[in-house]
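A.B. asks: Provided herewith is a single structure, encoded as structure tokens, for subsequent inquiry.
The values are calculated or read from the model by the stated rules, or taken from the named source; none is laboratory data. A quick note: this is a predicted structure, and the numbers were derived from the prediction, not measured. Note: ideal-geometry Cβ built from the backbone for every residue, glycine included; neighbour counts use all protein chains shown.
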Amino acid sequence: MLDAARLAGIVGAHAIWSLSDLPEGETFIPLLAQADAEGAVSLGRLVNEEGVEHAVAYGHKVLADNPDGAVRMVLAWGDRMSIGDQDSDCVVLDARDAAHPEALLRLAVPYDVQDGLRLEPVRVLAMEQCGDVQAQALLEAFFSGVARHQQGAAVWKKATADRG
């Protein structure tokens with residue numbers, strides 16, 4: 001699951017980079033990344049004429065069925081979650097590894113776009129059947145993935161610099 005967490009970091013950084021220049025009022029389009037056995041990664045946006053919810057549902061079906069035989073997959077989409085006593089926009093990332101198809105890592109990256117993009121700490125929402133892997137190791141792998149995405153890592157760093 002560490003490699004899947006690392007891929008989630010790359011996708012998460014790409015999502016944050018995309019958010020940084022998303023015009024006000026525009027909807028974040030879900031992303032689906034798939035890695036093959038040679039390490040090649042395909043990343044695409046999931047657009048569905050019936051709406052974002054249908055695109056996310058399709059992405060979850062791809063994660064469950066793995067029709068392309070990917071070794072790792074990550075789905076990223078926009079959502080809202082409660083943090084403390086307030087709701088926050090966030091990017092949610094589901095990561096799966098074909099070597100452990102029952103395992104799921106779900107992370108959330110809460111953000112605010114008022115007065116510029118600002119990121120809150122990453123939240124681990126689920127670690128289902130991830131074996132002996134600890135949350136800290138998964139987060140370290142995630143952030144090593146963030147660092148691999150040059151533009152996304154720069155936006156991420158700026159968006160967390162002023163966090164108190």
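A.B. asks: Which of the residues spanning the stretch 124-144 are of a type outside the set (A, V, I, L, M), in contact (Cβ under 8 Å) with a residue 60 or more places away in the chain and under 17 Å from Ala103 (Cβ atoms)?
C.D. replies: Once the filter is applied, which keeps residues that are of a type outside the set (A, V, I, L, M), in contact (Cβ under 8 Å) with a residue 60 or more places away in the chain and under 17 Å from Ala103 (Cβ atoms), the stretch 124-144 yields Cys130, Gly131, Phe142.
A.B. asks: For the stretch 23-105, list the strands (runs of 3 or more DSSP E) that sit wholly inside it and hold at least 3 residues that are in contact with an Asp or Glu (Cβ under 8 Å, 6 or more places away or on another chain); which are they? Before the answer, list the steps.
C.D. replies: Values: elements: 31-35, 41-45, 72-83, 86-97.
Filter on the stretch 23-105 gives 72-83, 86-97.
A.B. asks: Let me ask something else. Go through the stretch 16-26 and give me each residue that's in contact with a Gly (Cβ under 7 Å, 6 or more places away or on another chain) and without any contact (Cβ under 8 Å) to a residue 60 or more places away in the chain. Quick ask: steps written out before the conclusion?
C.D. replies: In the first step, residues of the stretch 16-26 are kept if they are in contact with a Gly (Cβ under 7 Å, 6 or more places away or on another chain); the result is 16-17.
Scanning the stretch 16-26 gives no hits.
A.B. asks: Something else: Quick one: count up the residues across the stretch 112-164 that are polar (S, T, N, Q) and surrounded by 13 or more Cβ atoms within 10 Å (Cβ to Cβ). Explain how you work it out, then say what you get.
C.D. replies: Within the stretch 112-164, the subset polar (S, T, N, Q) is 114, 129, 134, 136, 144, 150-151, 160.
Still in the running and surrounded by 13 or more Cβ atoms within 10 Å (Cβ to Cβ): 144, 151, 160.
So the count comes out to 3.
A.B. asks: Just wondering, is there one or more residues in the stretch 75-89 that are surrounded by 21 or more Cβ atoms within 10 Å (Cβ to Cβ), closer than 27 Å to Ala135 by Cβ, touching a residue at least 40 places away in the same chain (Cβ under 8 Å) and not aromatic (Phe, Trp, Tyr)? Break it down into steps so the answer makes sense when it comes.
C.D. replies: Within the stretch 75-89, the subset surrounded by 21 or more Cβ atoms within 10 Å (Cβ to Cβ) is 75-77.
Right, trim to closer than 27 Å to Ala135 by Cβ and you get 75-77.
From what's left, touching a residue at least 40 places away in the same chain (Cβ under 8 Å): 75-77.
Still in the list and also not aromatic (Phe, Trp, Tyr): 75-76.
Yes, the conditions are met somewhere in the stretch 75-89.
A.B. asks: Can you tell me which residue is surrounded by the most Cβ atoms within 10 Å (Cβ to Cβ) among those in the stretch 30-53 that are of a type in the set (D, E, K, R) and more than 21 Å from Ala5 (Cα to Cα)? Walk me through it before giving the result.
C.D. replies: Here is the first cut: in the stretch 30-53, the ones of a type in the set (D, E, K, R) are 36, 38, 45, 49-50, 53.
Keeping just the survivors that are more than 21 Å from Ala5 (Cα to Cα) gives 49-50, 53.
Values: Glu49: 6, Glu50: 9, Glu53: 11.
Only one residue tops the list, namely Glu53.
A.B. asks: May I ask you to list the residues in the stretch 121-147 that are more than 14 Å from the chain's Cα centre (by Cα) and charged (D, E, K, R)?
C.D. replies: If the condition is that a residue be more than 14 Å from the chain's Cα centre (by Cα) and charged (D, E, K, R), then Glu128, Asp132, Glu140 are the ones that fit.
A.B. asks: When the residues of the stretch 1-44 are narrowed to those that are more than 14 Å from the chain's Cα centre (by Cα) and among the polar types (S, T, N, Q), which ends up modelled with the highest pLDDT?
C.D. replies: Filtering first and then ranking leaves Ser42.
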